[in-house]
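These notes concern the structure reproduced below.
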Amino acid sequence: KEFIGQLETRHQKGLLLPEWLRYPMIPFWLGEFIQNIREDPMLQPHQWLLKLWISQGFLTTPDPEWALELRDKFEAGIAHQFILHFNVTDYVFDMRYGFEHRLPSYLVARYPQEDGRDVLFYNRSQGVTPAADRQADSLSREENSRWQNFLSDVSRWGLRANDLRVLMNPAEALYALEQSLYESGNTCDPNSVVIFEFAEKVAPAGGIEFHGGNADLLIQIETLQRWALDERIRLKGHLILLLARNIAEVSDNLREANGGTEAIEVPMPDDSARLKYISYLFYHYLRSAHPLGAREICFDAKDFSIDPKSVISPIEQQLRALANLTAGLTRVAIQDIVLRAFQAGTPITAKLVQERKESTIRSETRNLLEVLKPSRSMDAVGGLEKIKAFLRTEVLQSLKSRNPNTPAGILFLGPPGTGKTLVAEGLAYESGVNFVKLGNFRDQFVGQSERNLSRALNIIRAMTPVIVFIDELDQSEGRRSEGNLDSGVSSRVFAKLLEVMSDESLRGKVVWIAASNRPDLIDDAMRRPGRFDDKIPFLVPTEEERASIFAAILRHKGKLSDEDINTLALDMLARESNGFTGAEIEVIVSRALRKASIDNVVLQTQHLKEAVKGFIKSVNSEKYRLMTLLALAEVNNIALIPDPREHPQLEMDWISVDGTHVRINQATVQQEIKRLKNAIL
Ligand code: ATP
């Protein structure tokens, strides 16, 4: 009833209905799914699976969306050549087949070879192959009359083909495929389908300056450019698909706005798609007929805890937890995690998933994106009370409820070691969302940075809700030495990042936190209003703050109890450590703890006092002063301006605003910044 109700609602709202409803028979996969759950003794206790599929709308939502977009754009005559990119080797779900196919073989199932339709693949290592090769129960090549016809055409066009390696050379393959497209009739819709796997190998990115020495590559790129605009190919209803994991690796000429080739992104599975796949895996491995022997996916009870009061069954709670934890992974990677656990005969642990996630994402983005596991709440941060209160009230709540008014970006400004990274980690910990760090995308080789950033941004989209931390947004050093790089590429990389950062549909799902100690060197485009809603200054801590930093570090790092901490003379230590940052206090505490453990005694004030005395500050205090003033000059929220009377080391004029708020006189700040810049830089 619920299922029929959902279909009716979709129908009334004019929403798309699943394609399989157009067919007279219930899909084989679905019939088997329902029958197994009702009759297979292993599956009978898991009737909730069917309820889950219905209640989540898995049976009623059309799927997959990219295939529908492709169909619609093709049918509307918008294009006949497409680049399908990003998650193009993953399993695809279609109600007609379940999760049986990876994307290339899904295309074969979707566009079966029938009537007048030829479906041909090309990749560099196999040459041209018939689509039927990808189906387990296919005809042999000898029995495949369409393929035999194609081979005799190939020799008619004056090209050589022996049966196993046909048209390995891309120039010959393109020529033969073009002839075949021109000669075939238009009997079905789409007519013939030509699929290029690894399209980046046939038409790679980089302009004439890259491929100048390789005329063949330029001709290949031009051929595909020509096909996209070719009226004969369009009128005959042919469909050309270029598959690429990373669109940035495909020739720019094919990505031009008016070039005729349409790009469609195949996304990573989102929360709901992952739950669907994981519950399918649960079903799949539990069937009595399964070759691995029916087995339940088992979870480590400690990592995947169960709420006994919940109305949701324990196993379903665990499947949902796995779906949350695997954000940013493909279905293939999720299957791999389950299979590894099966093979080792151990339950799935959070560690197994985390490790897999870290290594996959690092290698996919060549270390550009790093998944971090926040382990400390903001309670581990000493001082910075105004900042913590602001983040807890303004950001945390709205991020938890995915409120679209959540700030899209926040800038953390101030000298090194003042707790910027730590506060971002604390915010991620308290909000329970994913936490990733975007590395230095400008540092990589030209072209490569674009490719890796484009993958990183796609993964970020798949990991929502997520906090993305960008350290050293200014890249003050890198930028200066970068002068010679191809500015076209680096500005395009940058534009791409800006585009994703200002994507309104991601508000409430992605919070960008960028840190910098030289905000004056941040690119102008980044500074524009709307990118970073709030700019927060992190100053060198006051005496009172230093005492709480000592306490926080002793508590979290030293594992000392509050009772033990109270016996230490932290006020005195705070006085003695004037001008020290949180990071420096951390070094001091570590040294003191080490000394105490060597002496085999409990930590005493004396250990800390000696460590403070023995610490030599290496930094140039003028430089820190400049960074502090630059931060103060940027702040755009009166509630976040520190009271200059609490920071006497700044030695600044202060002026009173509306009697309660006090702020530094901006004119003096600017003057002082100028003086310091002249003196230091
Ligand atoms: P950078 O600009 O160099 O990246 P940062 O401002 O991000 O510096 P953090 O990495 O957050 O500084 O700080 C370094 C270490 O110093 C932290 O891991 C933490 O242990 C300690 N620390 C800094 N500030 C504080 C603080 N307010 N309370 C507790 N610990 C702190």
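The values are calculated or read from the model by the stated rules, or taken from the named source; none is laboratory data. Note that this is a predicted model, so its numbers are computed, not measured. Every residue, glycine as well, gets a Cβ built from its backbone with ideal geometry; the counts of neighbours run over all protein chains shown. SASA here: full protein model, heavy atoms, side chains in, ligands and nucleic acids out. Shrake-Rupley method; radii C 1.70, N 1.55, O 1.52, S 1.80 Å.
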Qualifying lysines (Cα of each under 29 Å from Cα of K351; at least 8 residues distant if same chain): K276, K302, K309, K373, K400, K420, K437, K509, K557, K559
Using a Förster distance of 60 Å, the FRET efficiency for D216-H290 (Cβ separation, nearest 0.05): 0.80
Rg to Rh, two decimals, where the range 272-353 supplies the alpha carbon set and Rh follows Kirkwood: 0.94
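Only sites in a loop by DSSP and with at most 10 other Cβ atoms within 10 Å count here; which GluC sites (Glu not before Pro) in the range 96-203 make the cut?
Numbers: sites: E100, E114, E142, E143, E172, E178, E183, E197, E200; in loops: E114, E142, E143, E197.
When the GluC sites (Glu not before Pro) of the range 96-203 are filtered for loop state and at most 10 Cβ neighbours within 10 Å, E114, E142, E143 remain.
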Virtual spin-label span in nm between Q606 and R362, 7 Å along Cα→Cβ: 4.4
Sequence-separation-based contact order of the range 108-155, relative, with Cα cut under 8 Å and 6+ spacing, percent: 23
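Does the range 333-456 come out rounded, prolate or oblate, given a ≥ b ≥ c as the square roots of the eigenvalues of its C-alpha gyration tensor, rounded meaning a/c under 1.5 and, failing that, prolate meaning a/b above b/c? Let's see the in-between values first.
Numbers: a/c = 2.12, a/b = 1.37, b/c = 1.55.
It comes out oblate by the Cα gyration axes.
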³J(HN,Hα), Karplus 6.51/-1.76/1.60, whole Hz, each residue of the range 20-27, x for Gly, Pro: 5, 5, 6, 8, x, 10, 5, x
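Whole number in Å², please: accessible area per residue of the chain, 1.4 Å probe, ligands, DNA and RNA not counted. The partial results should precede the final answer.
Values: 31830 Å² over 681 residues.
Counting only protein heavy atoms, the per-residue value for the chain is 47 Å².
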Residue-wise HN-Hα coupling along the range 638-643, computed from phi with Karplus coefficients 6.51, -1.76, 1.60 (Hz; x: Gly, Pro): 4, 5, 9, 7, x, 6
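Per the helix-only calculation at 222 nm, which mean residue ellipticity applies to the chain, given -39500 (n - 2.57) for every DSSP H run of n ≥ 4 and division by its residues, nearest 500 deg cm²/dmol?
On the way: 29 runs with 305 residues, N = 681.
Per the formula, -13500 deg cm²/dmol.
For the ranges 629-639, 322-332, what's the packing order if you count other beta-carbon atoms within 10 Å of each residue, average per peptide, and put the highest first?
Values: 629-639: 18.0, 322-332: 21.2.
Result, highest mean first: 322-332, 629-639.
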Packing-based order for 642-651, 88-97, using average beta carbon neighbours within 10 Å, highest first: 88-97, 642-651
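For D307 and D564, compute 0.36 nm times the residue count separating them, minus their Cα-Cα distance, and round to one decimal in nm. Spell out each step's value before the answer.
Numbers: separation 257, 0.36 × 257 = 92.52 nm, distance 3.55 nm.
Length gained, D307 through D564: 89.0 nm.
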Reachable lysines, given that their alpha-carbon falls under 18 Å from the alpha-carbon of K201 and they are not under 8 places away in the same chain: none
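Where the only charges are on Cβ atoms (+1 Lys, Arg; -1 Asp, Glu), what is the dipole of the chain about its Cα centre, to the nearest 20 debye? Intermediate values should be presented prior to the final figure.
Working: 82 positive and 92 negative charges, 196 e Å.
My answer is approximately 940 debye.
Please report the antiparallel percentage of DSSP beta bridges with both residues in the chain, rounded to the nearest 5.
On the way: 17 of 57 bridges.
Among the beta bridges of the chain, antiparallel pairing accounts for roughly 30 percent.
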Long-range HN-HN contacts of L242 with modeled amide H, under 5 Å: F82, I83, L84, F196
Carbon and sulfur %, accessible surface of the chain computed with the full protein complex present, 1.4 Å: 50
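Taking Cα pairs under 8 Å and at least six residues apart, what relative contact order does the range 74-230 come out at, in percent?
This gives 24 percent for the range 74-230.
I need the helices of the chain that pass two filters: whole DSSP H segments spanning 27 Å or more by Cα along the axis, and mean Kyte-Doolittle score no lower than -0.5. Spell out each step's value before the answer.
Details: long enough: none.
Helices passing the filter in the chain: none found.
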Those lysines that a straight Cα-Cα span of less than 16 Å connects to K677, excepting residues fewer than 8 apart in one chain: K623
Rel. contact order, % - alpha carbon contacts under 8 angstrom, at least six apart, the chain: 10
H101 long-range amide H proximity, modeled H, under 5 Å: V92
Derived scalar couplings ³J(HN,Hα) [the range 89-100; Karplus, 6.51 cos²θ - 1.76 cosθ + 1.60; whole Hz; x for Gly, Pro]: 10, 7, 5, 10, 9, 9, 3, 6, 10, x, 9, 5
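Assuming 0.36 nm per residue, please report the length gained on full extension of the stretch A171 to A76 beyond their Cα-Cα distance. Mind showing how you got there, number by number?
Details: separation 95, 0.36 × 95 = 34.20 nm, distance 3.08 nm.
Net length gain for the segment: 31.1 nm.
What's the FRET efficiency of I638 with R527 using the Cβ-Cβ distance as r and R₀ = 22 Å, to the nearest 0.05? Could you put the intermediate results ahead of the total?
Numbers: r = 19 Å, r/R0 = 0.88.
For R0 = 22 Å, the calculated efficiency reads 0.70.
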Placed amide H near I536: partners under 5 Å, 5+ positions off or other chain: L411, F412, L413
